[in-house]
Amino acid sequence: MDFELSDEQKQLKREVRRFAENEIKPVATEYDVDEKYPHEVMDKAAENGLLGGGLPIEYGGAGLDTLDTALVVEEMFAADPGIGFCVTASAFGSEAIVEFGTEEQKEEYLPPIAEGESVMGAAISEPDTGSDVSSISTRAEKDGDEYVINGNKMWISNGTVGDYFVVLCKTDPEAEGRYNGFSQILVEADRDGFEADKITGKLGIRASDTAELIFDDVRVPEENLVGTEGMGFLQVMQFFDETRTGVAAQAVGIAKGAAERALEYSQQREQFGQ
């Protein structure tokens, strides 16, 4: 088995590293200390076609596969995990639309992400529910041709800067089986009853926006349902399977960046006359 990168992949790494060195590293400390979202860097990333790289070409993305995406993530995180996450996660949650959404949803929600006009998020975790996804309590009740959503989501990436979120809800609390009765629903941030409260004071990756989301009788049309009602849990499990590769690439990138900085420092530091 040949593990050598293709010429195209090597070129991709070089281009992303060049962007990270020129646009991310010089301002990384500023955005981390101030805990602010790097809008200016995001604009430059959009100009360079670095947003929504994994989105299909027909919806404005670059159509990158899993390995290509991991290479991009690694180089971004080697420069700075905070801004790197902002750039590589502007389409966070879009996997649900790509895999299960209608053609109308794909045409409406995907192109703006790739163009840098919109940011997306995935709202799964709750104040008392993290890895145990099946224990979420956020509810979405059907009322005519609308869903009415109530609940809280916690530690949501892109929380206060996101334009829309795919929200995991309990749509059938009477469903038999621990993993049944969940659905994913698209919620736009400008809906009445939606509120995002920014979380500050994180230990790191502070340029990345993280928030608590509050849904207070938020109404969305039934057309915002992603895929089949009741299949939300399985959709989220597939989402985790796909994105955990990216999380591994984040860790590799952080380790790579740390090693490079340590090497650079060791070549400059003088001790015991050498």
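Looking at this model, which pairs from K10/K44; K170/K198; K153/K198; K153/K202 are more than 19 angstrom apart at the alpha-carbon? Table pairs above 19 Å Cα-Cα are K10/K44; K170/K198. At a 1.4 Å probe, what is the % contribution of carbon and sulfur to the accessible area of segment 162-274? Here it works out to 50 percent. The overall shape of the chain is prolate: from the C-alpha gyration tensor, with semi-axes ordered a ≥ b ≥ c, the ratio a/c is 1.5 or greater and a/b exceeds b/c. Over the chain, accessible surface divided per residue gives 51 Å², non-protein components excluded, 1.4 Å probe. Accessible surface comparison of M120, M231, probe 1.4 Å, protein chains only, largest first: the order is M231, M120. Each part reduced to its alpha carbon centroid, segment 242-274 and segment 54-119 end up 26 Å apart. Ranking L64, T138, A20 by how far each Cα lies toward the positive end of the dipole of the chain (charges on Cβ) leaves A20 at the top.
Using the Cα gyration tensor of segment 200-260, with a ≥ b ≥ c the square roots of its eigenvalues, what is the shape: rounded (a/c below 1.5), prolate (a/b larger than b/c) or oblate (neither)? Here segment 200-260 falls in the oblate category. Name the shape class, rounded, prolate or oblate, that the alpha-carbon gyration tensor gives for segment 45-162, where a ≥ b ≥ c are the square roots of its eigenvalues, rounded holds for a/c under 1.5, and otherwise prolate holds if a/b is larger than b/c and oblate otherwise. Note, shape of segment 45-162 comes out oblate.
Rounded to the nearest 10 degrees, the inclination of helix 232-266 to the longest alpha-carbon principal axis of the chain is 20 degrees.
Tell me the angle of helix 7-19 to the major Cα principal axis of the chain, expressed in degrees between 0 and 90 and rounded to the nearest ten. Here the helix axis deviates by roughly 90 degrees. Report summary: the helix-based calculation at 222 nm, which adds -39500 (n - 2.57) for every DSSP H run with n ≥ 4 and divides by the residues of the chain, gives -12000 deg cm²/dmol.
Between the helical axis of 66-79 and the longest alpha-carbon principal axis of the chain there is an angle of about 60 degrees.
The values are calculated or read from the model by the stated rules, or taken from the named source; none is laboratory data. Keep in mind it's a predicted model, so treat the numbers as computed, not measured. Neighbour counts run over all protein chains shown; Cβ positions are idealised from the backbone, glycine included. Protein only, heavy atoms only, side chains kept; ligands, DNA and RNA dropped before computing areas. Shrake-Rupley method; radii C 1.70, N 1.55, O 1.52, S 1.80 Å.
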